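Each remark here refers to the structure printed beneath this line.
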Amino acid sequence: MSATKPKASVTNPNANTSPKIWLFSLLLTLQYGFQPLISKRFVSREVIVTSSVLACELVKVSCALILIAKEGNLKKLFKNWTLVGSLTASGLPAAIYALQNSLLQISYKNLDSLTFSILNQTKLFFTALFTFIILRQKQTIQQIGALFLLIIAAVLLSIGEGSSKASASNNNNPDEILFYGIAPVLVASVLSGLASALCQWASQVKKHSSYMMTIEMSIIGSLCLIASAFKSPDGEAIRLHGLFYGWTALTMIPVTLNAVGGILVGLVTSYAGGVRKGFVIVSALLVTALLQFIFDGKPPSIYCLMALPLVITSISIYQKYPYRIKKKES
């Protein structure tokens with residue numbers, strides 16, 4: 001008579017908390033936190049945005065190729081590369097992100113900065129929703145609670161940032177505010193969650209290399225940017241002053257840091273998922289507040305101090321109560 005095997009539980013692979021994930025998450029948090037301060041110090045107002053973005057994408061592609069070569073997978077990856085596979089894994093997310101950025105630009109012009117920042121935080125919810133729909137990645141009740149704590153913390157941080165800025169919009173027409181302000185930022189949040197889940201699906205299900213996705217999305221994004229520059233103010237500025245107008249040798253510091261951040265985003269999404277990337281982004285806002293106090297003497301707002309325990313608690317809860325898949329009795 002065989003004994004009945006006890007029920008066993010297996011941790012959801014997406015709940016992995018290996019040292020590698022913690023390292024990538026920590027580095028990305030620091031990069032996000034330092035980026036605004038470094039950009040402010042080393043990028044002059046005369047620098048054309050398109051030039052810095054294109055330079056960042058070039059550095060990102062170069063770094064990704066070096067890392068692939070270091071792993072000894074360069075020949076294998078390019079041998080197995082197909083256009084269809086590339087468009088499936090990277091083309092759709094890249095197109096979605098491009099549309100998202102356009103919607104955010106429209107919304108930002110028609111909303112005050114505070115309303116814009118608060119509505120933009122709903123992307124955390126939509127990321128969790130689409131990871132469930134596409135990847136069937138379930139969350140425990142505790143993790144859902146942790147996500148709501150994180151959203152509250154993000155809103156508090158947005159209020160603290162927005163309260164120190166004047167309204168970015170003089171639009172008093174309710175219909176225009178709804179259709180050209182609120183609607184675009186909410187649609188952009190939905191698209192952000194969808195694109196993040198698709199990137200996670202490509203890396204975790206289709207086993208598409210994180211570095212290769214970075215290269216593909218950078219190239220697609222750069223081509224879209226170059227195409228749009230023909231009729232944009234940046235394109236006109238480039239034709240008048242040249243691509244690297246306003247640049248100095250120090251401009252490459254924030255450009256390179258931003259490129260490294262792009263690679264880390266891919267790694268965090270690949271190994272830990274889009275939801276945890278949301279935790280990283282919100283945590284980085286606290287890092288920026290701390291750095292502003294250290295280097296600029298600007299004390300954290302009361303909203304920042306209120307958000308700090310919420311972020312710490314939400315991260316702790318989310319890590320402590322992962323969803324577990326129960327094996328059936330045999």
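Springs between Cα atoms under 10 Å define the GNM used for the chain, and in it the highest mean-square fluctuation of Leu223, Leu83, Leu30 occurs at Leu83. Eigenvalues of the alpha-carbon gyration tensor of the range 183-330, scaled by 5 and square-rooted, set the equivalent ellipsoid semi-axes at 34, 26, 15 angstrom, largest first. When +1 charges are put on Lys and Arg Cβ atoms and -1 charges on Asp and Glu Cβ atoms, the dipole computed for the chain relative to its Cα centre reaches about 1560 debye. A dipole drawn for the range 194-330 from +1 and -1 charges on Cβ atoms has a positive end, and of Thr313, Thr214, Leu290 the residue lying farthest that way is Thr313.
At a probe radius of 1.4 angstrom, the accessible area of the range 123-257 per residue rounds to 51 square angstrom. Is the shape of the range 263-315 best called rounded, prolate or oblate, per the rule: a/c under 1.5 gives rounded, else a/b larger than b/c gives prolate, else oblate, with a ≥ b ≥ c the square roots of the Cα gyration tensor eigenvalues? Oblate, because a/c is 1.5 or more while a/b does not exceed b/c.
Scale the Cα Rg of the chain by the rule-of-thumb value 2.2 N^0.38 Å and send over the ratio, two decimals.
On the way: Rg = 21.3 Å, N = 330, 2.2 N^0.38 = 19.9 Å.
Taking N as the residue count of the chain, the ratio is 1.07.
Amide H contacts of Tyr245 (H built 1.01 Å from N, in plane; Pro and chain starts excluded): Ile48 sit under 5 Å, all sequence-distant by 5 or more or on other chains.
Expressed as a whole percent, the accessible area of the chain that falls on carbon and sulfur atoms is 67 (1.4 Å probe).
Phi angles across the range 52-61 convert, under the Karplus curve 6.51 cos²θ - 1.76 cosθ + 1.60 with θ = phi - 60°, into 3J(HN,Hα) values of 5, 5, 5, 5, 4, 5, 5, 5, 4, 4 Hz, Gly and Pro given as x. A Cα-only calculation for the range 23-129 places Rg and Dmax at 17.8, 50 Å. Relative contact order for the range 162-292: 32 percent, from Cα pairs under 8 Å spaced at least 6 residues apart, divided by residue count.
The values are calculated or read from the model by the stated rules, or taken from the named source; none is laboratory data. Since this is a predicted model, take the numbers as computed values, not measurements. Using ideal geometry, Cβ is built from the backbone for each residue, glycine included, and neighbour counts are taken over all protein chains shown. These area figures cover heavy atoms from the full protein model, side chains too; ligands, DNA and RNA do not enter into them. Shrake-Rupley method; radii C 1.70, N 1.55, O 1.52, S 1.80 Å.
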